[in-house]
Structure formats: C-alpha cells, structure tokens
Amino acid sequence: MRGEQLKETLQAYALEIGIDVFRVTTADPFLTMKQRLIDQQDKNYASGFEEPDLEKRTTPKLLLDDAVSIIAIAVAYPSKLTDAPRGKAGERRGIFGRSSWGLDYHQALNQRLQLLEKKIEELSPGAKTRSMVDTGELVDRAVAERAGIGFSGKNCSIISEEHGSYLYLGELITDLYLPPDQAVEELCGTCNKCIDACPTDALVEPGVIDAKRCISFITQTKTLIPEDFRYALGNRLYGCDTCQQVCPYNRKKHATQHAELQPDPEQVKPLLIPILSLSNREFKEKFGSLSGAWRGKKPIQRNAICALVHYQDKSALEALRVMAESDQRDDMRALALWAIGRIAGKVESGYIEARLAVDSAEDVQTEGERLLLEWGESNAV
C-alpha cells in the first residue's frame, strides 16, 4: 500500500477508535525544540520530571531504528463538570484539574495507539512502530506542533482552532513513509490573557514557562512548598487550568464524545477533610483511576491542607490536630501545624508551643517557630 493510501486508511481507522485528530510529521530531529530545552535548562526552568537526555527528547531515530514518520494524535477531553457538588461551610471541596478527569489519559491514549499499531501491522506486516504518551522520551508538544495538530500558544499548550487546548497528545514513530502534514500558523496575536492570569507568574514570556513556578507542577511535588505558593494553590488538589480557562480558543469547547473520559463529580471535586485520613488502599480505591493519582496520596493530602487554609475552614481543626500529633511524616505534621495556626490564629499559640516541646522534627520546629515569631511569642534565641 502506497504512503498516501496508507495514511488515508489509518486516518479513517483512527476516527473509528476514538482519536479526534490524526496528523503526520517526519522523523527529522526537532532542532528548534532542542534549543528551547537548552534555554530552559540554562535558566533553571525545567521541572525535573522530564527525560534528562535532550538527544532522546528531540531525535526520533534514537528511539526507533530507521524511523521515517511520526503519527501525532490528539484526543479531546471535557472542560465542564456537570452536576458538580457544591461546597459549603464545614464541607469544603477541592478540585482536580481537567486533564485528570475520567480514566487516566495514559491508559486511554495507549489503548488507542496499541490498536493503531495492530492496524499498521495488519496493513504492512513487519513494519516497525513505537508509541508513547507523555512519559515517553519525545516532547509531545513538539511533535504535535510540527504535525499540525495545533499551534504552540503563549501558555505553552497546543491549541487547535477546532478543539481548543483541552487535548491529550500522543505519538507513534514508524519506519513507514507517510506523507507529512504542515504546521499551522500561530494565532495568539496580541492576546496575553494566559500570561496575565497565571497565579504565580510562571509564564515568564510568551511560550516560555518556569515549570518550578507552575501550579500544575507544584501540585505534583512531594515536599513542603514555600508559603506563598501554598496560598496560590487555592482549592486545587492536582493541576491548574487557569491559563486554559482564559484562552479565547477554549470558549464553548467541551468534549463529550469519549465516555471513559467523562468525570465523576464526587471523585474530581471531593470533600477535603476526609482526604486527610485516607489510607493508601483507600486512596487507590477512590482516586486510583485518575492520572492525578500517579504521585500517590501525599501530594493530594498536602494540597488538601492548603485548600482548607484557603477556605479558613475551622471545622477541619480536629482532623488537623490528629495529623499534627500522629502522622508519621515529619513534613505533614509540620504542614498540619502551620494550617492550625493559619486557620485559628494566635489563639492556638499555646497548642503550637506544646507541640514544639514534644516534636523535635526540623520541619515541625521551623513551621511552628515561624508562626510564633510572627505572633511575637517565640522563646527562640
């Protein structure tokens, strides 16, 4: 089967198996992206989650011998939570970002890519393929941009005129020739809404993000975070959608065509206080199907504590005291103590002093002393 016919056949099949956008680019190196990554590292803007080998991230032929073409796919995900439960005093709720709604997108896209690989083998026996989603070496955004799925916006998301930026991306490298598509024109123009709206000024300039300041990244870390960022989290448990919510290309974009990607409102907008006491097993049972569960329960519990401070939820004080007194993790006891101080205020100075007298963990001492110093009640020398 010739390249053009093969591409048309695969494109039609892709639509049948739930792929919304199917495009093709060459397996040539991504030289522009390589320079962007070098600049990102030089400025210390990288998150640390990325594949460290820049050559593998930008040279497809290092990942598949004789690579010729790359199929880029995109699957649209929902942007609206219908029948969302409402939080209220004593029953405050957090929120998972839209990219974590429904079935873990790694599973959803890998299932589609595996079917595409089988189809290629059926049509062209012996063909070499290698597919990846997010955790692979290649930069998904670079592949999608060059293949013409969309343009790279000022918020560093791939933006499609048809689907907006609420898109999951994946790619399939092959040794087969498929006619490549053309990149599309960048259409942000003079709009800077995403840059202006970013809660932590992580978008340092158009198309450049300091990942360490991005709330989406911060929600996935496992350590204590600076106090200013704790407030910036708001009620976010995982991810951040602000730069996409304000994007004009996302107006009225809401994908409902993929049943497995539709959110369970109680799962993605859960009550905060019960999260604090979840066991590992309970966490997996409740949140394990979400991509936002990939780092385990600790970041979600930490972010839930910050959200309770955001809401100034006094009904959480009892649960926070339990954590401050009995949690096995030093940093979580410290954060719980900080939250008690921030919610209840100086009236809890006696409780905090009592905890410092019996808990010598460095994180606990640091958080407690900082509160007492602020209130002018520290006995520290």
*Which one of these does Asp228 not meet: (1) assigned to a helix (DSSP H, G or I); (2) in contact (Cβ under 8 Å) with a residue 40 or more places away in the chain; (3) not β-branched (Val, Ile, Thr)?*
(2)
*What number goes with the only condition from (1) surrounded by 22 or more Cβ atoms within 10 Å (Cβ to Cβ); (2) within 23 Å of Phe96 (Cβ to Cβ) that Leu337 does not pass?*
(2)
*Within region 254-266, track down each residue that is outside any loop (DSSP other than H, G, I, E, B) and either in contact (Cβ under 8 Å) with a residue 60 or more places away in the chain or of a type in the set (Val, Ile, Thr) (or both).*
Glu260, Leu261, Pro265, Glu266
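Condition check: surrounded by fewer than 21 Cβ atoms within 10 Å (Cβ to Cβ), charged (D, E, K, R) and in a loop (DSSP other than H, G, I, E, B). Does Glu117 satisfy that? Spell out the reasoning first.
Numbers: surrounded by fewer than 21 Cβ atoms within 10 Å (Cβ to Cβ): yes; charged (D, E, K, R): yes; in a loop (DSSP other than H, G, I, E, B): no.
No; evaluated as a whole, the condition is false for this residue.
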*Return the residue satisfying two criteria in turn: it lies in region 135-168 and is touching a residue at least 60 places away in the same chain (Cβ under 8 Å) and part of a strand (DSSP E or B), and of such residues it is nearest to Ala211 (Cα to Cα).*
Ile158
*Within the bounds of region 139-148, is there any residue that is over 24 Å from His254 (Cβ atoms), out of contact with any strand residue (DSSP E or B) (no Cβ under 6 Å at 6 or more places or on another chain), assigned by TED's automatic domain parsing to the domain that holds Gln11 and not small (Gly, Ala, Ser)?*
yes
_Being in contact with a Lys or Arg (Cβ under 8 Å, 6 or more places away or on another chain), outside the structural domain of Gln244 (by TED's automatic domain parsing) and not small (Gly, Ala, Ser) narrows it down to one residue among Leu116, Leu167, Leu54, Leu109; which is it?_
Leu54
*Filter result (surrounded by fewer than 18 Cβ atoms within 10 Å (Cβ to Cβ), polar (S, T, N, Q) and closer than 18 Å to Pro180 by Cβ) within region 5-56*: Gln5, Thr9, Gln11, Thr26, Thr32
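Yes or no, residue by residue, for (1) in contact with a strand residue (DSSP E or B) (Cβ under 9 Å, 6 or more places away or on another chain); (2) not in a loop (DSSP other than H, G, I, E, B):
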site	(1), (2)
Met1	no, no
Gln5	no, yes
Gln11	yes, yes
Ala14	yes, yes
Arg23	yes, yes
Thr32	no, yes
Leu37	no, yes
Gln41	no, yes
Ser47	no, no
*Out of Ser360, Ser349, Ser315, sole residue that is outside any loop (DSSP other than H, G, I, E, B), surrounded by fewer than 16 Cβ atoms within 10 Å (Cβ to Cβ), in the same structural domain as Ile273 (by TED's automatic domain parsing) and at negative phi*: Ser315
*Can you find a residue in region 284-303 that is touching a Leu at 6+ places or on another chain (Cβ under 6 Å), touching a residue at least 40 places away in the same chain (Cβ under 8 Å), aliphatic (A, V, I, L, M) and buried (at least 17 other Cβ atoms within 10 Å of the Cβ)?*
yes
*Counting only residues that are surrounded by fewer than 16 Cβ atoms within 10 Å (Cβ to Cβ) and under 16 Å from the mean Cα position of the chain (by Cα), how many does region 217-271 have?*
2
*Restricting to region 146-166, what's the tally of residues that are buried (at least 22 other Cβ atoms within 10 Å of the Cβ) and either under 19 Å from Val68 (Cβ atoms) or among the β-branched types (Val, Ile, Thr) (or both)?*
5
_Where a residue in region 12-29 is of a type in the set (D, E, K, R) and its partner, wherever it lies, is modelled with pLDDT of 95 or more, with Cβ under 6 Å and at least six apart_ = Asp20/Ala74; Asp20/Val75; Asp20/Ala76; Arg23/Ala72; Arg23/Ala147; Arg23/Gly148; Arg23/Ile149; Arg23/Asp181
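In region 50-61, what count of residues is obtained for those that are part of a helix (DSSP H, G or I) and free of Cβ contacts under 8 Å to residues at least 24 places away in the same chain?
Of region 50-61, the ones part of a helix (DSSP H, G or I) are 54-58, 60-61.
Subsequent filtering for residues that are free of Cβ contacts under 8 Å to residues at least 24 places away in the same chain retains 54-55.
Looking only at that region, the number is 2.
The values are calculated or read from the model by the stated rules, or taken from the named source; none is laboratory data. Please read all numbers here as calculations on a predicted model, not as lab measurements. Note: ideal-geometry Cβ built from the backbone for every residue, glycine included; neighbour counts use all protein chains shown.
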